[in-house]
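Structure first, commentary second.
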């Protein structure tokens with residue numbers, strides 16, 4: 001607290017200087033505007049695009065297909081859960097994948113995008129890699145069970161699309177998942 | 001000696017005592033990195049006279065002064081003492097400036113705000129206290145809306161006058177925020193002001209990276225239904241896709257000469273490998289061949305080396321290699337989770353995210369691996385995604401220490417922690433503009 005006192009004193013004393021300066025009148029040093037370099041200040045935002053509400057502007061050569069999100073989740077295919085920082089298929093999840101494989105071998109027209117997800121722990125980019133590994137592990141497992149690999153694509157959402165928002169294990173174990181959506185053709 | 005100047009001397013002597021006992025300021029800073037903390041005593045003491053305004057709306061001089069003062073403090077070069085009450089309406093004479101000598105101040109800043117044809121004019125002057133000599137005088141002219149930029153410009157000029165180094169007050173930061181529910185790219189001034197959204201992809205946009213010329217931002221975009229690499233030319237509002245391999249395309253970071261983009265993709269392998277692409281994304285070169293994932297590359301300032309994350313050894317660790325993929329060596333051995341490396345602009349440090357006791361922290365390590373340590377304090381939160389300021393003196397990072405994820409600033413010596421953004425929505429993955 002002693003320091004705070006000193007600070008106050010410093011401010012006060014400097015204030016007195018400024019005050020005295022005012023009282024003693026203006027110093028005789030006229031501003032010679034002509035000698036002073038002048039700079040025009042513009043905000044950098046002059047070079048910044050307006051927020052793009054509409055589909056982003058594309059170069060003409062690139063075709064753009066607006067996709068708000070991923071494909072629709074297929075309810076018949078049950079999600080697969082993973083251990084923290086792991087991408088191998090847990091023993092208790094193998095029956096889930098076996099029943100998913102059975103459904104896929106009877107519904108042969110369906111193309112599936114396997115989504116790999118992570119909980120919020122870990123860094124965003126590394127979690128994208130982890131989600132990709134989880135999706136890949138599911139794809140390999142389903143292929144081994146006879147689902148043609150050509151019907152299975154993968155995508156990682158890392159930690160960016162949680163299903164549960166609390167910051168604790170009760171949510172985290174639900175977010176560490178692989179889920180199944182209808183494959184969307186790429187734009 | 002006239003009675004008047006005697007008064008000045010007496011006041012000055014009182015101040016000499018008062019100001020030299022500058023509060024240490026960092027005494028309650030919980031953790032200091034490597035004891036390289038710059039003490040307040042080593043900072044250049046600046047006296048900031050209150051800005052005066054003639055014919056301008058009252059808040060403007062205050063806003064400019066606060067912005068200027070915050071810029072100067074944040075630069076880490078100065079300790080700033082402001083005076084209470086009105087400043088002089090005319091520039092101080094040499095003898096008045098010299099009276100500040102006894103306060104310990106090395107420099108004095110004076111400014112006056114007027115209007116000219118609907119524009120704001122800041123006449124800024126900088127004085128050397130020892131000689132009373134004027135070091136600089138400039139007039140900054142701009143619309144009233146640009147008051148903060150006028151202050152930033154003056155602050156950077158003051159930094160340059162004292163240090164010969166370019167200030168960072170005019171730099172900007174790209175980041176990711178979910179304010180519109182979807183994660184989009186946003187842009188803001190380095191101090192958190194003027195936040196504006198720059199993508200409307202309505203899918204998922206992540207990992208912004210600037211080209212060294214500050215014209216493009218490249219990022220990870222999901223708007224085509226796949227994690228691709230997209231680019232925005234922010235000077236022309238032009239957007240395009242650079243890399244669209246099916247699979248995961250990640251972390252597009254530019255070489256210092258702006259010719260090459262290093263990125264991770266699994267289009268050619270079962271796992272993520274690092275590649276170089278030229279600006280047209282036509283020429284490419286594969287850099288890594290490993291069984292683990294290699295990602296998050298960051299260039300050394302010379303462009304000769306890259307540091308990156310790899311889990312080839314079982315856990316995510318940092319590795320360094322030459323820019324042609326040769327001479328790979330592991331850099332980090334402490335802890336089982338070290339990711340998101342970023343090489344400082346001056347080359348002497350690599351900042352990264354390290355996990356300690358189950359929580360994410362910022363760590364620093366020298367490129368030879370000999371020195372390093374934890375930069376951010378322990379607590380029930382996570383610190384992630386370090387990004388260097390253009391002059392390599394500061395880092396911005398993401399932390400949820402206040403609840404939601406927000407952007408925080410810290411000096412590279414672990415001092416000067418400052419929350420830059422606020423809000424219930426998250427703000428993550430900062431990328432600092434090159435200048």
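The values are calculated or read from the model by the stated rules, or taken from the named source; none is laboratory data. If you're wondering where the values come from, they're calculated on a predicted model, not measured in any experiment. Cβ: placed from backbone, ideal geometry, glycine included. Neighbour counts: every protein chain shown.
Laid out as a table, the results:
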quantity: Positions within region B:217-257 being part of a loop (DSSP other than H, G, I, E, B), modelled with pLDDT under 95 and more than 10 Å from every other protein chain (Cβ to nearest Cβ), in sequence order; calculated: B:245
quantity: Failed item, numbered, when residue A:141 is tested on (1) in a helix (DSSP H, G or I); (2) within 13 Å of chain B (Cβ to nearest Cβ); (3) more than 21 Å from residue B:380 (Cα to Cα); calculated: (2)
quantity: Condition check for residue B:341: in a loop (DSSP other than H, G, I, E, B) and at pLDDT 95 or above; calculated: no
quantity: Selection within region B:320-350 - more than 19 Å from residue B:360 (Cα to Cα) and buried (at least 16 other Cβ atoms within 10 Å of the Cβ); calculated: B:320, B:321, B:323, B:325, B:328, B:344, B:345
quantity: Check on residue A:129, under 23 Å from residue B:336 (Cα atoms), modelled with pLDDT of 95 or more, buried (at least 19 other Cβ atoms within 10 Å of the Cβ) and out of contact with any strand residue (DSSP E or B) (no Cβ under 6 Å at 6 or more places or on another chain); calculated: no
quantity: Every residue from region A:97-114 that is assigned to a helix (DSSP H, G or I) and within 15 Å of residue A:135 (Cα to Cα); calculated: A:97, A:100, A:101
quantity: Residue under evaluation residue B:301, criteria (1) part of a loop (DSSP other than H, G, I, E, B); (2) within 23 Å of residue A:128 (Cα to Cα); (3) in contact (Cβ under 8 Å) with a residue 24 or more places away in the chain; (4) under 29 Å from the mean Cα position of the chain (by Cα), criterion not met; calculated: (2)
quantity: Residue count, region B:46-97 (criterion: assigned to a helix (DSSP H, G or I) and within 12 Å of another protein chain (Cβ to nearest Cβ)); calculated: 5
quantity: Single unsatisfied condition, residue B:145 versus (1) within 19 Å of residue A:39 (Cβ to Cβ); (2) out of contact with any strand residue (DSSP E or B) (no Cβ under 8 Å at 6 or more places or on another chain); (3) away from chain A (no Cβ under 12 Å); calculated: (3)
quantity: Single residue of B:306, B:295, B:276 found to be touching a helix residue (DSSP H, G or I) at 6+ places or on another chain (Cβ under 6 Å), closer than 23 Å to residue B:217 by Cα and in a strand (DSSP E or B); calculated: B:295
quantity: Count - residues of region B:309-338 that are part of a loop (DSSP other than H, G, I, E, B) and within 19 Å of residue B:209 (Cβ to Cβ); calculated: 1
quantity: Some residue of region B:168-187 being without any contact (Cβ under 8 Å) to a residue 24 or more places away in the chain, closer than 30 Å to residue B:223 by Cβ, more than 10 Å from chain A (Cβ to nearest Cβ) and surrounded by fewer than 24 Cβ atoms within 10 Å (Cβ to Cβ); calculated: yes
quantity: Residues that are outside any strand (DSSP E or B), over 15 Å from the mean Cα position of the chain (by Cα) and within 18 Å of residue B:385 (Cβ to Cβ), drawn from region B:158-188; calculated: none
quantity: Residue within region B:353-360 that is touching a residue at least 24 places away in the same chain (Cβ under 8 Å) and within 30 Å of residue B:285 (Cβ to Cβ) present; calculated: yes
quantity: Residues that are more than 10 Å from chain A (Cβ to nearest Cβ), in a strand (DSSP E or B) and touching a residue at least 60 places away in the same chain (Cβ under 8 Å), drawn from region B:189-216; calculated: B:208, B:209, B:210
quantity: Subset of region B:302-333 [out of contact with any strand residue (DSSP E or B) (no Cβ under 7 Å at 6 or more places or on another chain) and closer than 19 Å to residue A:121 by Cβ]; calculated: B:311, B:314, B:315
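Table: residues versus (1) surrounded by fewer than 18 Cβ atoms within 10 Å (Cβ to Cβ); (2) under 26 Å from the mean Cα position of the chain (by Cα).
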position: B:69; (1), (2): no, yes
position: B:80; (1), (2): no, yes
position: B:88; (1), (2): no, no
position: B:100; (1), (2): no, no
position: B:105; (1), (2): no, no
position: B:112; (1), (2): no, no
position: B:122; (1), (2): no, yes
position: B:130; (1), (2): yes, no
